[in-house]
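Engineer: Sharing a structure here in structure tokens format.
Nothing in this text is a laboratory measurement; each read-out follows from the coordinates by a stated rule. All values reported here derive from a predicted model rather than from experimental measurement. Cβ placement follows ideal geometry from the backbone for every residue including glycine, while neighbour counts extend to all protein chains displayed.
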Amino acid sequence: MPPPVFRFAPSPNGYLHLGHAYSALLNFDLAQQGGGSFLLRIEDIDATRCRPEYEAAIYEDLAWLGIAWEMPVRRQSEHFAAYREAIDRLSALSLIYPSFESRAEIARLVEAREKASPWPRDPDGAPLYPGTAKSLLPAERERRLASDAPFALRLDMEAAIARAGHLTWNELGAGPSGETGIVAARPDAWGDVILARKETPTSYHLSVVIDDALQGVTQVVRGEDLFCSTSVHRLLQQLLRIPQPAYRHHHLIRDDTGRKLSKSTLATGLRELRAAGATPAKIRQLVGLP
């Protein structure tokens with residue numbers, strides 16, 4: 001059996017905090033214990049929020065923690081062509097369609113429908129897309145695509161599930177409700193998810209499965225807040241015929257109120273803790289690692 005490959009994939013849209021430190025250290029420790037590799041990936045597809053100074057700080061903070069990674073670092077913004085190719089493959093299967101509504105317009109559509117009955121929400125609490133763009137005539141769809149109007153490319157979830165069939169994944173950790181072992185995927189809970197936008201040829205869901213496959217990642221170790229997203233990732237892996245890794249979702253480091261840590265929470269920021277005299281050993285103690 002080949003050695004395992006782990007990865008840590010932060011977004012450079014803020015400075016790292018204790019939650020990031022826990023996930024990075026856990027991945028690094030597991031890679032060392034298993035004689036495997038530890039990769040660093042910069043998920044910088046959001047050009048409006050990602051900044052060079054945050055990326056530089058990621059390298060600085062991880063090195064200070066004693067984490068070493070294999071080179072080169074994969075930066076998502078340098079691989080848009082790979083994501084476009086995946087979109088083209090899904091489109092050739094008639095599984096992609098464009099939607100043109102703004103977030104405000106979708107909110108109004110949902111509000112109108114909720115007057116009759118509660119509208120379903122995805123695992124993150126957002127209302128599912130009503131699917132109105134699927135009924136557009138081809139000529140109207142092409143007219144809108146040719147205009148300057150923004151659009152999102154969505155996965156036709158019903159058609160995708162029909163093609164992929166029943167899916168599971170191997171959970172080595174535990175989900176928010178204690179799910180472990182072989183877990184049944186429920187991608188339908190997300191509705192017609194966005195896989196790309198006019199201005200950005202990918203989304204988190206699409207880029208993460210493409211990157212994991214191209215980098216040979218065998219073990220995805222990440223926070224339990226992404227447990228439900230794994231259902232979408234398994235669906236995309238099946239549709240694109242790419243390998244699936246094993247998953248280990250870990251608990252989240254939370255603040256004193258029980259909330260998930262935010263990059264704006266300075267009290268748990270690694271830079272602030274380091275400036276206050278914390279050591280890498282102290283960080284390990286704070287997140288509960290030996």
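Engineer: Averaging sequence separations of C-alpha pairs under 8 Å and six or more residues apart, then dividing by the length of segment 163-204, give the relative contact order as a whole percent.
Structural biologist: This gives 27 percent for segment 163-204.
Engineer: I've got another one for you. Hey, what angle do you get for helix 52-64 against the long axis of the chain, alpha-carbon based, 0 to 90 degrees rounded to 10?
Structural biologist: Approximately 40 degrees, to the nearest ten.
Engineer: Which one of 76, 176, 161 is farthest out on the positive end of the charge dipole of segment 73-205, using unit charges on Cβ (Lys, Arg +1; Asp, Glu -1) and the Cα centre as origin?
Structural biologist: Selected residue: 76.
Engineer: Note down the Stokes-Einstein diffusion coefficient of segment 116-186 in µm²/s, whole number, using a Kirkwood radius over alpha carbon pairs, 20 °C, and 1.002 mPa s.
Structural biologist: Rounded, D is 135 µm²/s.
Engineer: I'd like the Karplus ³J(HN,Hα) series for segment 95-108: coefficients 6.51, -1.76, 1.60, θ = phi - 60°, whole numbers in Hz, and an x wherever there's a Gly or Pro.
Structural biologist: Whole-Hz 3J(HN,Hα) from phi for segment 95-108: 10, 10, 9, x, 10, 10, 6, 6, 4, 5, 5, 5, 4, 5.
Engineer: Residue 134: net charge of surrounding residues, Cβ under 9 Å, Lys/Arg +1, Asp/Glu -1, itself excluded?
Structural biologist: Residues near residue 134 contribute -1 overall.
Engineer: Please compute, over every Cα-Cα pair in segment 152-239, the percentage with a separation greater than 15 angstrom. Each step should come with its number before you reach the end.
Structural biologist: Details: 2298 of 3828 pairs.
In whole percent, the long-distance tail amounts to 60.
Engineer: While we're on this one: Under the rule a/c < 1.5 gives rounded, and otherwise a/b versus b/c splits prolate from oblate, where does segment 188-290 land using the Cα gyration tensor?
Structural biologist: The shape class here is prolate.
Engineer: I would also like to ask the following. Report the FRET efficiency, 1/(1 + (r/R0)^6), for residue 240 and residue 279, where r is their Cβ-Cβ distance and R0 is 30 Å, rounded to 0.05.
Structural biologist: 0.10
Engineer: Helix 230-240 versus the longest principal axis of the chain: what is the Cα-based angle in degrees, 0 to 90, to the nearest 10?
Structural biologist: 60
Engineer: By a straight-distance test (C-alpha under 14 Å), which aspartates and glutamates pair with residue 260 as possible cross-link partners, with residues fewer than eight away in the same chain excluded?
Structural biologist: By straight Cα distance, residue 260 reaches 124, 224, 225.
Engineer: Which residue, 107, 31, 152, has the most motion in a Gaussian network model of the chain that connects Cα atoms within less than 10 Å?
Structural biologist: Most flexible of the set in this elastic network: 107.
Engineer: Determine, from the Cβ-Cβ distance of residue 74 and residue 121 and an R0 of 41 Å, the FRET efficiency 1/(1 + (r/R0)^6), rounded to the nearest 0.05.
Structural biologist: The computed FRET efficiency comes out at 0.80.
Engineer: Moving on to the next point. At a threshold of 8 angstrom on Cα-Cα distance, excluding pairs fewer than six apart, so keeping six or more, what relative contact order does the chain reach in percent?
Structural biologist: 24
Engineer: Shifting gears a bit: Quick one: if you stick a label point 7 Å off each Cα along the C-beta vector at residue 147 and residue 255, how many nm between them?
Structural biologist: It is 4.2 nm.
Engineer: Something else now. Restricting to Cα atoms and excluding each atom paired with itself, what does the Kirkwood estimate give for the chain in Å? Walk me through the numbers on the way to the answer.
Structural biologist: Working: mean 1/r = 0.0487 Å⁻¹.
Hydrodynamic radius (Kirkwood, Cα only) of the chain equals 20.6 Å.
Engineer: May I ask for the net charge around residue 191, where only other residues with Cβ less than 10 Å from the Cβ of residue 191 are counted and Lys, Arg are +1 while Asp, Glu are -1?
Structural biologist: -2
Engineer: Counting only other residues whose beta carbon sits under 12 Å from that of residue 75, what net charge do I get with K and R as +1, D and E as -1?
Structural biologist: -3
Engineer: Anyone know which of 66, 35, 178 comes out most mobile in the 10 Å Cα GNM of the chain?
Structural biologist: So, out of 66, 35, 178, the one fluctuating most is 178.
Engineer: Follow-up question, since we're still on this one. Can you give the helix-only mean residue ellipticity at 222 nm for the chain, where every DSSP H stretch with n ≥ 4 adds -39500 (n - 2.57) and the sum goes over all residues, rounded to the nearest 500 deg cm²/dmol?
Structural biologist: That calculation yields -11000 deg cm²/dmol at 222 nm.
Engineer: Something else: Put one equal scatterer on each alpha carbon of segment 39-143, apply the Debye formula with no solvent term, and list log10 I(q)/I(0) at q = 0.14, 0.23 1/Å to two decimals.
Structural biologist: For segment 39-143 at q = 0.14, 0.23 Å⁻¹, log10 I(q)/I(0) is -0.87, -1.23.
Engineer: For the chain, give the share of DSSP beta bridges that are antiparallel, in percent and rounded to the nearest 5; count only bridges with both residues there.
Structural biologist: Of those bridges, close to 50 percent are antiparallel.
Engineer: Over segment 43-140, what is the relative contact order in whole percent, taking alpha-carbon pairs under 8 Å and six or more residues apart?
Structural biologist: Normalised by residue count, the contact order of segment 43-140 is 22 percent.
Engineer: May I ask you to compute the full-extension gain from residue 180 to residue 162, defined as 0.36 nm times their residue separation minus their alpha-carbon distance, rounded to one decimal in nm?
Structural biologist: Roughly 3.9 nm would be gained on extension.
Engineer: Shifting gears a bit: When the Cα centres of segment 79-115 and segment 1-25 are compared, how far apart do they sit, in Å?
Structural biologist: Using only Cα atoms, the two centres lie 29 Å from each other.
Engineer: Still on this structure, please answer the following. Pick from 67, 182, 42 the residue whose mean-square fluctuation is largest in a GNM of the chain, springs joining Cα atoms under 10 Å.
Structural biologist: Greatest mean-square fluctuation among the candidates belongs to 182.
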